[in-house]
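My questions will all concern the structure given below.
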């Protein structure tokens with residue numbers, strides 16, 4: 001069973017979550033987990049002005065995802081920061097290139113799942129994941145979220161991301177907050193949960 005984790009990250013928060021998702025998925029016997037990043041669309045000078053160049057060096061060696069990668073996977077878990085309550089332009093551009101897969105029904109019946117980040121606690125994590133689901137449904141994918149079996153999403157002793165729709169993290173207005181242990185645990189749970197369901201469907 002092949003599981004693909006596809007992410008876009010600006011400052012490394014989603015990359016760290018992607019690593020945790022992959023860690024959880026690899027706990028499932030028979031899961032072949034591959035991590036890929038979508039192409040960057042911003043020019044270097046803009047990334048430099050945003051202060052993102054150094055952060056992106058930490059995952060520069062992660063191979064770039066291709067549309068063909070999606071077709072070859074049994075399950076795909078997407079990770080994206082939030083931009084005005086929706087996915088980033090980089091992720092949107094990548095998905096807009098999957099029309100050929102849609103026309104051929106190549107993603108129909110595959111498991112799809114999403115995790116996200118936002119600057120603030122109410123900055124659009126849930127709407128980003130839910131709006132992302134629309135694309136997956138158009139592709140005929142079977143959507144899997146983060147069930148309440150992961151009790152960490154009900155915690156009130158600390159500020160934390162995570163919802164029934166998927167794992168998420170709060171990055172801070174300046175990107176100063178990296179994912180907490182609880183948020184990483186949610187990501188690992190989601191990865192494991194998706195892999196378990198994909199394994200059953202592909203049996």
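Look at residue 161 and say whether it is within 19 Å of residue 19 (Cα to Cα), part of a loop (DSSP other than H, G, I, E, B) and in contact with a helix residue (DSSP H, G or I) (Cβ under 6 Å, 6 or more places away or on another chain). Spell out the reasoning first.
Numbers: within 19 Å of residue 19 (Cα to Cα): yes; part of a loop (DSSP other than H, G, I, E, B): yes; in contact with a helix residue (DSSP H, G or I) (Cβ under 6 Å, 6 or more places away or on another chain): yes.
So residue 161 fits the description; yes.
Give the number of residues within region 86-118 that are assigned to a helix (DSSP H, G or I), within 19 Å of residue 35 (Cα to Cα) and in contact with a strand residue (DSSP E or B) (Cβ under 9 Å, 6 or more places away or on another chain). Write out each step before concluding.
Residues of region 86-118 assigned to a helix (DSSP H, G or I): 89-95, 99-104.
From what is left, the residues that are within 19 Å of residue 35 (Cα to Cα) are 90-95.
Within this subset, residues satisfying the condition of being in contact with a strand residue (DSSP E or B) (Cβ under 9 Å, 6 or more places away or on another chain) are 90-92, 94-95.
Result for region 86-118: 5.
For region 17-46, how many residues meet the condition of being more than 28 Å from residue 202 (Cα to Cα) and modelled with pLDDT of 90 or more?
6
Taking region 164-203 on its own, how many of its residues are under 15 Å from residue 21 (Cβ atoms), in a helix (DSSP H, G or I) and in contact with a strand residue (DSSP E or B) (Cβ under 7 Å, 6 or more places away or on another chain)?
So the answer is 8.
Can you tell me which residue within region 119-144, out of those that are outside any loop (DSSP other than H, G, I, E, B) and without any contact (Cβ under 8 Å) to a residue 12 or more places away in the chain, is nearest to residue 82 (Cα to Cα)?
We begin by selecting, within region 119-144, every residue outside any loop (DSSP other than H, G, I, E, B); these are 125-138, 142-143.
Still in the running and without any contact (Cβ under 8 Å) to a residue 12 or more places away in the chain: 134, 137.
On the way: 134: 16, 137: 20 Å.
If we take residues in region 119-144 being outside any loop (DSSP other than H, G, I, E, B) and without any contact (Cβ under 8 Å) to a residue 12 or more places away in the chain, then 134 is nearest to residue 82 (Cα to Cα).
A further question follows. Is region 54-61 home to any residue that is within 15 Å of the chain's Cα centre (by Cα) and modelled with pLDDT of 95 or more?
Checked against the condition, which is being within 15 Å of the chain's Cα centre (by Cα) and modelled with pLDDT of 95 or more, region 54-61 yields no hits at all.
The values are calculated or read from the model by the stated rules, or taken from the named source; none is laboratory data. These numbers were taken from a predicted model, which means no experiment stands behind them. Ideal geometry is used to build each Cβ from the backbone, glycine not excepted, and the neighbour counts take in all protein chains shown.
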